[in-house]
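The values are calculated or read from the model by the stated rules, or taken from the named source; none is laboratory data. Fair warning: this is a prediction, and the values are worked out from it, not measured in the lab. Note: ideal-geometry Cβ built from the backbone for every residue, glycine included; neighbour counts use all protein chains shown.
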Amino acid sequence: MTILQSDVFPALAAKDEPVSTLVYVSGGGRFGNQLSVFSHLIALACEYPHLRILQYKFWPYANLCEGTALNPSCRFPAPPPTRSPWLPRLAEGARKSFPKLYGHYGQVAIERLLRRQVIADRKFDQPWLLDSSNIQDFLARLRPGFQFIAGFRLRCTPLFEKHQAAIRRFLQPAMPYRAQSEAFLAPLRRRYEKLVGLMIRQTDYRTFRDGRYFMDTEQYRVLVHQILDRFGPDTGIVAASDEPQVPDAFAGLPVHLCSGAAGLGGHYIESFTQLGMCDAVVSVPSTFSLWATFMGRTPLLMLPAGRPDLDAAVWMDSAMIEGRHRPELATFLY
């Protein structure tokens, strides 16, 4: 992780009170990992009011979260709502009409431009942990104006725990997705006594860590039977899947694929939201399910590597907090 000074936006740096704006421009992976980076930056800004955040890498996901849906530059604290909403509408139209240009290609072009001046990425396996021992040194390096930072694993865990309520309010799924998810789950709530979310993670997990966390569909069927044994026969399973499942994959079982499951036409944020609204979630280690349970304040049963064994799963009431004491979650959280 590297911080360097820049006067690219000198006009914005002039304030009655000196303000430093941390601009995160490179690193962090996809949605779940970007939530991790953004949340720790938010925690930092909550603790130190002279800091502002501009999370550039979150721009492709701005429409998914409550605090950024009308704040497409992904600033924290969010700027006052504009009198004319043309800018958010324009950004949303660009995102829908030119997703590749707005997302990957636009990001690559800007990152290359900035990297020539100020950016040096820290390697994936080199975390920068901001805690009581070094946070003052970090703050002392900041000057008024824009400070560009890059790297995958910036974390300030004590502040994350302290300010988790503010993080949850800002980054929770946007209202349209929450309303859609409530409507999706309502008939299931009337039908079943309990709802247990199940994260079926297959695509990239075939090779991630040599397939350590991968399970095929038949193994997930075995797991469903274990969930029913543990939670009772009046339990419904709400399954999020990142890979299309054949129509009879869970025939005869009370399994209902999320509206955002792969192949069903919905958005993955619908699966994310619906998992978090269940009574508990069963999953292999994954930032997607970790964040879903954090947003929904839902317990997580984390499965052991690569086998459907619910008896060996670790129950965590607050996985994002308790997970820091679990070595198997270190790569995902810290």
query = Does SER241 satisfy being more than 21 Å from VAL284 (Cα to Cα) and crowded, with 19+ Cβ neighbours inside 10 Å?
reply = no
key: Answer residue from the range 239-260, given it is of a type in the set (A, V, I, L, M) and touching a residue at least 40 places away in the same chain (Cβ under 8 Å) and is nearest to TYR192 (Cα to Cα) among those   = VAL255
ask   = Considering only strands (runs of 3 or more DSSP E) fully contained in the range 263-334, which possess at least 1 residues that are in contact (Cβ under 8 Å) with a residue 40 or more places away in the chain?
value = 280-283
key: From ASP204, ASP279, ASP210, ASP248, residue being acidic (Asp, Glu) and modelled with pLDDT of 95 or more   = ASP279
request  = Report those strands (runs of 3 or more DSSP E) wholly inside the range 1-95 carrying at least 3 residues which are at pLDDT below 80.
outcome  = 2-5
message = From the list GLY236, GLY306, exactly one residue is in contact with a Lys or Arg (Cβ under 7 Å, 6 or more places away or on another chain), of a type outside the set (Ser, Thr, Tyr) and buried (at least 18 other Cβ atoms within 10 Å of the Cβ). Which is it?
response = GLY236
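Tally up the residues in the range 183-196 that are surrounded by 18 or more Cβ atoms within 10 Å (Cβ to Cβ) and among the aliphatic types (A, V, I, L, M), please.
First pass over the range 183-196, keeping only residues surrounded by 18 or more Cβ atoms within 10 Å (Cβ to Cβ): 184-185, 192, 195-196.
With the extra rule that they be among the aliphatic types (A, V, I, L, M), the set shrinks to 185, 195-196.
So the answer is 3.
Being closer than 25 Å to LEU64 by Cα, surrounded by fewer than 20 Cβ atoms within 10 Å (Cβ to Cβ), out of contact with any Gly (no Cβ under 6 Å at 6 or more places or on another chain) and in the same structural domain as SER289 (by TED's automatic domain parsing) is the requirement here; does GLN180 meet it?
Values: closer than 25 Å to LEU64 by Cα: yes; surrounded by fewer than 20 Cβ atoms within 10 Å (Cβ to Cβ): yes; out of contact with any Gly (no Cβ under 6 Å at 6 or more places or on another chain): yes; in the same structural domain as SER289 (by TED's automatic domain parsing): yes.
Against the criterion (closer than 25 Å to LEU64 by Cα, surrounded by fewer than 20 Cβ atoms within 10 Å (Cβ to Cβ), out of contact with any Gly (no Cβ under 6 Å at 6 or more places or on another chain) and in the same structural domain as SER289 (by TED's automatic domain parsing)), GLN180 qualifies.
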inquiry  = Quick check on this structure: which one of VAL222, VAL255, VAL238 is touching a His at 6+ places or on another chain (Cβ under 6 Å) and of a type outside the set (Gly, Ala, Ser)?
reply    = VAL238
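Take the residues in the range 139-156 that are part of a strand (DSSP E or B) and hydrophobic (A, V, I, L, M, F, W, C); name whichever of them is farthest from SER26 (Cα to Cα).
Step one: filter the range 139-156 for residues part of a strand (DSSP E or B), giving 145-150, 154-155.
Right, trim to hydrophobic (A, V, I, L, M, F, W, C) and you get 146, 148-150, 154.
Working: PHE146: 15, PHE148: 9, ILE149: 8, ALA150: 5, LEU154: 12 Å.
Top of the filtered list is PHE146.
Confirm whether ALA174 is buried (at least 21 other Cβ atoms within 10 Å of the Cβ), in contact (Cβ under 8 Å) with a residue 24 or more places away in the chain and not β-branched (Val, Ile, Thr).
Details: buried (at least 21 other Cβ atoms within 10 Å of the Cβ): no; in contact (Cβ under 8 Å) with a residue 24 or more places away in the chain: yes; not β-branched (Val, Ile, Thr): yes.
Spelling it out, it is not the case that ALA174 is buried (at least 21 other Cβ atoms within 10 Å of the Cβ), in contact (Cβ under 8 Å) with a residue 24 or more places away in the chain and not β-branched (Val, Ile, Thr).
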task = Could you tell me whether LEU159 is touching a strand residue (DSSP E or B) at 6+ places or on another chain (Cβ under 7 Å), part of a helix (DSSP H, G or I) and either assigned by TED's automatic domain parsing to the domain that holds HIS267 or among the aliphatic types (A, V, I, L, M) (or both)?
result = no
